[in-house]
Each structure stands twice: as structure tokens, then as C-alpha cells.
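**Q** If you scroll down you'll find the structure; I have some questions about it.
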Amino acid sequence: MADLADKRKFYINGEWVDPAQPNDLEVIDPSTEEAVAVISLGDQADTDRAVAAAKAAFPAWSATAPAERLAYVEKILEIYNRRASDMAAAITHEMGAPQDMSLGDQVDAGSYHIGNFIKAFKDFKFIRPLGDHAPTSMTAWEPVGVVALITPWNWPMNQVTLKVIPALLAGDTCILKPSEIAPLSSIVFAEIVDEAGLPPGVFNMVNGDGEGVGTQLTVHPDVEMISFTGSTRAGIAISKAAAEGLKKVALELGGKGANLIFADADDKAVVRGARHCFYNSGQSCNAPTRMLVQRQVYDKAVETAAQVANETAVATAHQPGNHIGPVVSKRQWDQIQGLIQKGIDEGARLVAGGPGLPEGVNRGYFVRPTVFADVNNDMTIARQEIFGPVLSIIPFDTEEEAIAIANDTVYGLTNYVQSQDGARRNRLARQLRSGMVEMNGVSRGAGSAFGGVGKSGRAREGGVMGLEEFMDSREISGWDSDA
């Protein structure tokens with residue numbers, strides 16, 4: 001990708017087509033601040049063409065046998081795995097994930113979700129009895145129709161696969177609009193789908209920005225559902241725009257996760273939490289960015305978190321190694337710098353990192369891993385999603401106080417608990433207001449749904465619930481089980 005790659009075409013109705021009107025946008029490599037590719041932003045004619053293709057393909061695709069749809073997705077997974085290095089290179093160039101992390105985590109997230117959907121789908125019952133009390137009552141699961149999938153730049157294939165794959169398995173036809181900041185991986189994904197040989201119009205991809213193609217899809221009369229991952233602000237705008245057409249809307253939005261570390265937590269709890277906060281350069285909606293620490297172990301936790309920040313290497317994405325890369329854009333870098341300064345101005349104690357580029361760096365959107373201590377939950381850095389490698393540490397005394405601080409947020413995506421007391425963990429798991437609670441570093445099981453409450457949105461992505469998200473249920477009475 002040394003030369004500026006021409007990626008202007010869209011994938012519509014099984015073909016790579018030119019945009020109706022040229023509207024060039026350069027894709028910037030955040031490690032170098034240099035353009036690596038040029039795409040075109042679509043307009044209404046491109047959106048209409050993609051929706052028309054999906055609408056025309058829907059009757060035949062929705063009528064295919066589930067086994068046939070499953071075979072296509074298995075083929076997609078096979079090709080996806082074969083093209084892992086191409087996908088990793090695209091992600092490294094477009095959003096700055098370091099080489100090893102891009103191949104090992106970013107790309108693997110996609111294959112992981114595709115595999116989990118395949119497993120869930122094999123056991124999925126499209127027609128299920130309501131219960132023994134109503135032997136002729138059934139629940140049938142049916143495709144929604146034409147669905148628009150709007151994905152972000154921070155975990156490109158994680159989000160693309162969490163939307164495209166269940167939509168295809170459900171029998172929907174779709175239009176993917178990836179982030180215009182990080183479109184290259186989705187172009188590779190469209191090449192993968194094309195090679196898998198899906199019928200024309202079942203999957204379409206149009207590049208564009210939120211104000212253009214994103215809004216056009218949201219209000220299009222032939223689109224039945226919008227699945228969006230991104231900012232809470234944009235999610236609210238999509239909900240309002242989609243309401244006019246009474247569309248189904250699934251939103252996966254921001255977060256401000258609390259990580260509750262009790263005095264009896266294991267020795268690695270603080271290190272684990274700080275590393276998770278800095279992972280992907282802090283660009284994860286489920287990052288544990290508020291570390292709540294019980295007073296008895298607070299000073300030691302602050303010291304440990306600062307040490308983790310100071311030991312976290314920051315370097316170009318274009319080299320191997322266990323380091324973090326840049327944040328995605330100049331706009332994001334400026335926003336993060338402003339919030340770091342806000343933390344200082346509001347009286348938080350800076351114990352690691354801080355404003356400006358890391359030492360020895362003069363270009364690229366790199367942020368110093370930053371830790372603030374003595375934060376209170378009224379400070380801007382404790383309330384606003386920063387989306388950078390910035391950790392805020394807040395002391396607490398009692399379990400009740402920790403719960404109150406953790407729940408004092410408009411968000412509700414993921415919370416974390418670190419304690420050796422099983423009864424306490426179980427209590428907290430039910431009292432923390434979030435769609436997910438992860439405890440003692442144990443990951444949620446394969447096929448577990450990802451999603452939140454409140455201003456984190458209420459989508460459920462992954463596994464069986466992720467399949468059902470892209471379907472409508474139909475309740476039927478008088479079913480003849482003998483027929």
C-alpha cells in the first residue's frame with residue numbers, strides 16, 4: 001500500500017461499480033499522517049441503487065433453506081481465514097492497530113464471531129412451541145427484510161461480522177456502510193463475500209459518511225431495520241430519523257465502564273484493569289476506564305497503574321511487538337488531549353502520561369498512556385467517554401458506595417468486579433446497571449451477547465440473541481404438529 005490505492009468503487013448487486021458522482025476522500029494512516037488510499041463518498045443515487053438491489057434480492061434469499069445460507073457463511077469464514085493477512089494490513093493502515101494486534105486480535109475477532117454464529121445457527125429453531133400448556137401455539141422467527149448496517153472504525157471486523165453474518169443467516173438482505181475513516185477492511189470483506197458467491201443483491205457495500213449515506217439509509221422507505229454501532233450522539237439522531245418509518249433499530253453505543261477493585265482482589269487485578277484500559281489505544285466502548293479502588297489498597301493500586309502506563313510502549317503500527325499504536329485521527333487526538341487537560345484543570349492528580357506526544361515522536365496521532373488519581377465522579381474525565389488510553393482512579397470505602405459510584409453514569413455497557421468473595425461478586429453482578437458484568441478477568445463465554453442499557457444502547461450482538469436481533473417473531477395458533 002505504498003502507492004495511493006484507488007478504492008473508489010462500491011459493491012452493489014454482485015458487482016464493483018463506480019459511484020454515481022465522484023466525491024473523493026483520502027484514507028489517512030494514523031501512524032504516518034499520510035494518505036494511503038482514496039475512496040468515494042456515496043450519494044443518494046448510490047444509496048438508492050444498493051437498497052433497490054437488496055429489495056429485489058430479498059424474496060428469493062429469504063426463501064432459501066437455512067442449510068443453504070449456512071453453507072454460504074461457512075464459505076465466507078474459509079475465505080476470511082485465508083485472507084487474514086490482507087485484512088490485518090488493511091486495519092493497520094486505516095485505524096492504526098499494530099501489526100501483531102491487528103492479525104491476532106482485530107482479525108481474529110471476526111473469525112471468532114463468524115464461528116460462534118455458525119455454531120448457534122446449527123441449533124437454531126425457526127419454529128418453536130410456546131410450551132406444554134399450549135401445544136398448538138408456535139413462535140416462528142422470520143427475516144426482517146432489507147437491513148442497513150452502519151459500523152465504526154475502532155473494531156472494524158468485530159462489528160462488521162456481528163452485523164453482516166447474522167443478517168445473512170436470518171434471511172435478510174443488507175447494505176453495509178462502514179466508517180469512512182476506516183473503509184479498507186470492509187472493502188476486503190466485500191471481496192471475500194463476492195468470492196463466496198452469494199446471489200447478487202444479498203450483500204451490498206456503499207462507502208459514505210453519516211450525514212450522507214448513513215442518513216439516507218436511515219430514512220429510506222425500503223429499509224426495514226438499522227443496526228448501528230458508534231457514538232451515543234449519532235445513535236440518538238438515528239433513532240429520531242428512523243422513527244418516522246417505524247423501523248427496527250438496534251444501537252450499540254458508548255460506555256464508561258467501572259472496574260470495582262476490592263481489598264481482597266487478586267494480585268494481578270490492577271495490572272489487568274490498566275492494560276485493558278490502554279488496549280487498542282483505549283478505543284473500545286467496553287474499556288474499564290473508571291477504576292474504583294477500595295481505600296485499603298488504593299495507594300498501591302495508583303502506584304501499580306502508573307507503572308503499567310509507564311511500561312506501555314507506544315510506537316508505529318507498522319512494526320511487530322506488544323505495543324499500542326496511534327489513535328485513529330487528528331480529530332480524536334485533539335479531543336483526547338482536551339480531556340486530559342480538563343482532568344488536570346479540574347484537580348485530578350496526574351500520576352502517569354499527560355498531554356502531548358510521547359517522547360521522541362514528532363508525527364502520528366499517538367497518545368501517552370495516562371493515569372489520573374484522586375478523581376471524583378463529578379469530574380469530566382469520569383463522566384465523558386474519552387476513547388483514548390486514559391484511566392481515572394476513584395477511591396471508595398464500602399460496597400454500597402462502590403455500587404453508587406459505578407451506577408452514577410448515563411452509560412451502561414460493561415462493568416467489572418475484582419474480589420475473591422463469591423457472594424459479593426454475585427450481589428454486585430445483579431446490582432451494577434449494565435448489559436454485561438465481567439468478574440476476576442474471566443471472559444464471557446462464546447456466544448454470549450454483547451450489549452448494554454441506557455445511553456449505551458440496547459442492542460444484543462452475538463450468539464443466539466444476535467441472530468434473533470435480525471429477525472421478527474410471529475406468534476401462531478392452531479398449528480398442526482402432525483402435518
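**Q** Among the β-branched types (Val, Ile, Thr) and closer than 30 Å to Val146 by Cβ, is that true of Thr229?
**A** Yes, satisfied.
**Q** Here is a list: Ala274, Ala258, Ala237, Ala265. Which entry is in contact with a Lys or Arg (Cβ under 8 Å, 6 or more places away or on another chain) and hydrophobic (A, V, I, L, M, F, W, C)? Steps first, please.
**A** Details: Ala274 fails: in contact with a Lys or Arg (Cβ under 8 Å, 6 or more places away or on another chain); Ala237 fails: in contact with a Lys or Arg (Cβ under 8 Å, 6 or more places away or on another chain); Ala265 fails: in contact with a Lys or Arg (Cβ under 8 Å, 6 or more places away or on another chain).
Step by step, each of Ala274, Ala258, Ala237, Ala265 is checked, and only Ala258 is in contact with a Lys or Arg (Cβ under 8 Å, 6 or more places away or on another chain) and hydrophobic (A, V, I, L, M, F, W, C).
Conditions tested, residue by residue: (1) under 28 Å from Ala71 (Cβ atoms); (2) surrounded by 23 or more Cβ atoms within 10 Å (Cβ to Cβ).
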{"residue": "Pro200", "(1), (2)": "yes, no"}
{"residue": "Asn204", "(1), (2)": "yes, yes"}
{"residue": "Ala241", "(1), (2)": "no, no"}
{"residue": "Leu253", "(1), (2)": "no, yes"}
{"residue": "Phe262", "(1), (2)": "no, no"}
{"residue": "Arg275", "(1), (2)": "no, no"}
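**Q** Now for a different question. For the stretch 371-408, what are the residues that are hydroxyl-bearing (Ser, Thr, Tyr) and buried (at least 24 other Cβ atoms within 10 Å of the Cβ)? Give the derivation first.
**A** Keep residues of the stretch 371-408 that are hydroxyl-bearing (Ser, Thr, Tyr), which gives 380, 392, 398.
Scanning the stretch 371-408 gives a single hit, Ser392.
**Q** Hey, another quick one. Yes or no: the stretch 87-102 includes at least one residue that is over 21 Å from Leu168 (Cβ atoms), surrounded by fewer than 18 Cβ atoms within 10 Å (Cβ to Cβ) and not small (Gly, Ala, Ser).
**A** yes
**Q** Inside the stretch 351-369, can you point out the residues that are of a type outside the set (Gly, Ala, Ser), in contact with a helix residue (DSSP H, G or I) (Cβ under 6 Å, 6 or more places away or on another chain) and under 18 Å from Val271 (Cα atoms)?
**A** Step one: of the stretch 351-369, the residues of a type outside the set (Gly, Ala, Ser) are 351, 355, 357-359, 361-363, 365-369.
Those left that are additionally in contact with a helix residue (DSSP H, G or I) (Cβ under 6 Å, 6 or more places away or on another chain): 351, 355, 365, 367, 369.
Correct list: Val351, Pro369.
**Q** Restricting the first residue to the stretch 98-119 and requiring it to be farther than 12 Å from Gly321 by Cβ, which pairs with a second residue that is assigned to a helix (DSSP H, G or I) and of a type in the set (Phe, Trp, Tyr) meet a Cβ separation below 9 Å and a spacing of at least six or different chains?
**A** Asp105/Tyr279; Val107/Tyr80; Gly110/Tyr80; Gly110/Phe189; Ser111/Tyr80; Ile114/Tyr80
**Q** Which of the numbered conditions does Met225 fail, given that it passes all the others? Conditions: (1) over 15 Å from Val51 (Cα atoms); (2) touching a Gly at 6+ places or on another chain (Cβ under 8 Å); (3) not small (Gly, Ala, Ser).
**A** The failed condition is (1).
**Q** Let me ask something else. Does Val417 count as touching a helix residue (DSSP H, G or I) at 6+ places or on another chain (Cβ under 6 Å), touching a residue at least 24 places away in the same chain (Cβ under 8 Å) and surrounded by fewer than 16 Cβ atoms within 10 Å (Cβ to Cβ)?
**A** no
**Q** Here is a follow-up. In the stretch 315-337, which residues are exposed (fewer than 14 other Cβ atoms within 10 Å of the Cβ) and not in a loop (DSSP other than H, G, I, E, B)?
**A** Across the stretch 315-337, the qualifying residues are Lys330, Arg331, Asp334.
**Q** I've got another one for you. Looking at (1) surrounded by fewer than 19 Cβ atoms within 10 Å (Cβ to Cβ); (2) assigned by TED's automatic domain parsing to the domain that holds Met379; (3) in contact (Cβ under 8 Å) with a residue 40 or more places away in the chain; (4) touching a helix residue (DSSP H, G or I) at 6+ places or on another chain (Cβ under 9 Å), which is the only condition Gly412 fails?
**A** It fails just one condition, (1).
**Q** For residues in the stretch 336-359 being within 29 Å of the chain's Cα centre (by Cα) and of a type in the set (Val, Ile, Thr), which is nearest to Met291 (Cα to Cα)?
**A** The residue in question is Ile340.
**Q** Now, a different point. Going residue by residue through the stretch 49-68, is there one that turns out to be in contact with a His (Cβ under 9 Å, 6 or more places away or on another chain) and either of a type in the set (Asp, Glu) or assigned by TED's automatic domain parsing to the domain that holds Asn204 (or both)? If you could, list the steps in order and put the result at the bottom.
**A** Here is the first cut: in the stretch 49-68, the ones in contact with a His (Cβ under 9 Å, 6 or more places away or on another chain) are 51.
Restricting the remaining residues to those that are either of a type in the set (Asp, Glu) or assigned by TED's automatic domain parsing to the domain that holds Asn204 (or both) gives 51.
Yes, there is a match, as at least one residue in the stretch 49-68 is in contact with a His (Cβ under 9 Å, 6 or more places away or on another chain) and either of a type in the set (Asp, Glu) or assigned by TED's automatic domain parsing to the domain that holds Asn204 (or both).
**Q** Has the stretch 245-265 got any residue that is out of contact with any strand residue (DSSP E or B) (no Cβ under 8 Å at 6 or more places or on another chain) and closer than 26 Å to Lys7 by Cα?
**A** no
**Q** Right, here's the next one. Within the stretch 443-458, is even one residue in contact with a helix residue (DSSP H, G or I) (Cβ under 8 Å, 6 or more places away or on another chain) and more than 30 Å from Thr173 (Cβ to Cβ)?
**A** yes
**Q** Please count how many residues of the stretch 111-166 are in a helix (DSSP H, G or I) and either over 21 Å from the mean Cα position of the chain (by Cα) or charged (D, E, K, R) (or both).
**A** Of the residues in the stretch 111-166, 4 are in a helix (DSSP H, G or I) and either over 21 Å from the mean Cα position of the chain (by Cα) or charged (D, E, K, R) (or both).
**Q** Anything in the stretch 108-155 that is among the aromatic types (Phe, Trp, Tyr), out of contact with any strand residue (DSSP E or B) (no Cβ under 7 Å at 6 or more places or on another chain) and within 15 Å of Phe470 (Cα to Cα)? List them, or say none.
**A** Phe117, Phe121, Phe124
**Q** Separate question: When Phe228 is evaluated against the numbered criteria (1) out of contact with any Asp or Glu (no Cβ under 8 Å at 6 or more places or on another chain); (2) on the phi < 0 side of the Ramachandran plot, which criterion, by number, is the only one it fails?
**A** Single failed check for Phe228: (1).
**Q** Can you spot a residue in the stretch 125-146 that is within 23 Å of Trp16 (Cα to Cα), modelled with pLDDT of 95 or more and of a type in the set (A, V, I, L, M, F, W, C)?
**A** Yes: one or more hits.
The values are calculated or read from the model by the stated rules, or taken from the named source; none is laboratory data. Computed from a prediction, not measured in an experiment: that's the story for all the values here. Note: ideal-geometry Cβ built from the backbone for every residue, glycine included; neighbour counts use all protein chains shown.
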